[in-house]
Amino acid sequence: MGACVSSINRPRKYSEVLSESEQEKTIQAAVRRPVKILLLGSSGSGKTTIFKQMRLVHYGPFTRQETESYRQLIYLNITDGLHAGISRMNASGFSVTEENRELLRTVAEYGHDLKDDEPFLTEYRHPIEWLWKDPNVQAMYANGNQAGLPENLSYFCQNLDRLFNRRFVPSNQDILHAHVRSTGIAKACFSLQPGRDLLLVDIGGSRSERRKWRHCADGANAVVFMVNLAGYNQSLREDEDTNQMEDALDLWEQTCRAPWFRDTVFILLLNQNDVFEEKIMRSNIKDFFPDYKGPAGNADAGRRYFKDRFRTIAREAFTAQNRQFYCHFTTATNTMNIRLAMAAVQVLSLQHASNPANPQAL
Ligand SMILES: Nc1nc2c(ncn2[C@@H]2O[C@H](COP(=O)(O)OP(=O)(O)O)[C@@H](O)[C@H]2O)c(=O)[nH]1
Ligand SMILES: [Mg+2]
């Protein structure tokens, strides 16, 4: 009986089990197996933007068909974004000025789906601009956008002349600012180096989507965990009572402790650094995180504080596992910045894929 158990448990040497040609086949299969990276994090943290950046870097410009569907999406982002954003503002006790209330009642109608090649509806060009320039909407942004109006509104509404031109074709920057609420799982394969592919998996981050994460964990070499750094003064879309950053910290802890990710490299991207740097000038972290001791309006101190919060959680979760904490500050809409961050992610993922049995050195 003892001998039997030991013969099952004893790891057999490679050469004992496989013939030479089988060994060669296994090696080839291992070489071809893609390096798998999961993009995880709350909704709106920037996962799909990273996915688009990787698509741009590896496959070149967007096709005519992709560009056309992004053009239609941008129209909806502006119209729906203004309507939903201003409604959220109302719910927080703010409103547009008296003379623009009537406009708000009709703004919902702007957001119909455009047909292929149908230009933006020019009759809405000025009402959109008036709503955007409403002093109360502008004051909301200027004071740190606590009501959580979509950040891409500020990008698109500064470009209304270009967007409403009949010949408007979205640029890469326009496409990177477009937002679609992801549901389900998007996957793409990129060539990393000869004989080695990268499988990038983008999974929806809203609360209802998170239970899918576990099912994608199988064979994952790395988790890129994304956080909206600028969400420290905002609540979740799906739960007005929960602060976005608190939710991200909880989610980070759950993910770090999840047994199905125990052998996976974790890389934290504290994203939307550009929005954070502007916002920090007007919205003090201490108003939302009372234990923040740094000076108000100091982006470096703010970045250090949040990095420390995430690092403390990782250290506690990883103690038994000798795992390393990797963190980068990113702006996902900035192609050069993401090229650099993702190059570092790929190096770590490749190291893990080449030697997954080795725990990461501290
Ligand atoms: N300014 C700015 N906008 C960003 C950044 N990252 C993402 N966004 C925008 O935030 C919105 C949500 O991003 P998305 O990638 O769709 O988030 P996801 O829900 O995690 O997939 C989109 O409109 C993006 O263009 C960033 O670093 N800076
Ligand atoms: Mg997404």
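The values are calculated or read from the model by the stated rules, or taken from the named source; none is laboratory data. All figures in this text were calculated on a predicted structure; none of them were measured in a lab. Cβ: placed from backbone, ideal geometry, glycine included. Neighbour counts: every protein chain shown.
Below, the figures for the structure above:
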read-out	value
Unmet requirement for H328, which otherwise passes all of (1) outside any helix (DSSP H, G or I); (2) more than 24 Å from F190 (Cβ to Cβ)	(2)
Selection from the stretch 182-201 of residues that are surrounded by fewer than 22 Cβ atoms within 10 Å (Cβ to Cβ) and within 16 Å of I50 (Cβ to Cβ)	S182, I185, A186, K187, A188, C189, F190, L192, L199, V201
Positions within the stretch 175-187 being more than 9 Å from ligand 1 (Cβ to nearest atom), out of contact with any Phe, Trp or Tyr (no Cβ under 7 Å at 6 or more places or on another chain) and either within 18 Å of V347 (Cα to Cα) or not in a loop (DSSP other than H, G, I, E, B) (or both), in sequence order	I185, K187
The stretch 60-108 - residue that is over 22 Å from H126 (Cα atoms) and in a loop (DSSP other than H, G, I, E, B) and, of those, farthest from ligand 1 (Cβ to nearest atom)	G93
Single residue of the stretch 156-205 satisfying the filter (free of Cβ contacts under 8 Å to residues at least 40 places away in the same chain, at negative phi and under 18 Å from the mean Cα position of the chain (by Cα)) that is farthest from ligand 2 (Cβ to nearest atom)	K187
Set F325, F329: member being closer than 30 Å to E278 by Cβ, at pLDDT 95 or above and of a type in the set (A, V, I, L, M, F, W, C)	F329
Members of the stretch 208-235 that are in contact with a strand residue (DSSP E or B) (Cβ under 7 Å, 6 or more places away or on another chain), closer than 26 Å to Q324 by Cβ and not aromatic (F, W, Y)	C216, G219, A220, N221, A222, V223, V224, M226, V227, N228, L229
Hey, D239 acidic (D, E) and modelled with pLDDT of 85 or more or not	no
Sole residue being in contact with an Asp or Glu (Cβ under 7 Å, 6 or more places away or on another chain) and within 14 Å of ligand 1 (Cβ to nearest atom), chosen from S191, S206	S206
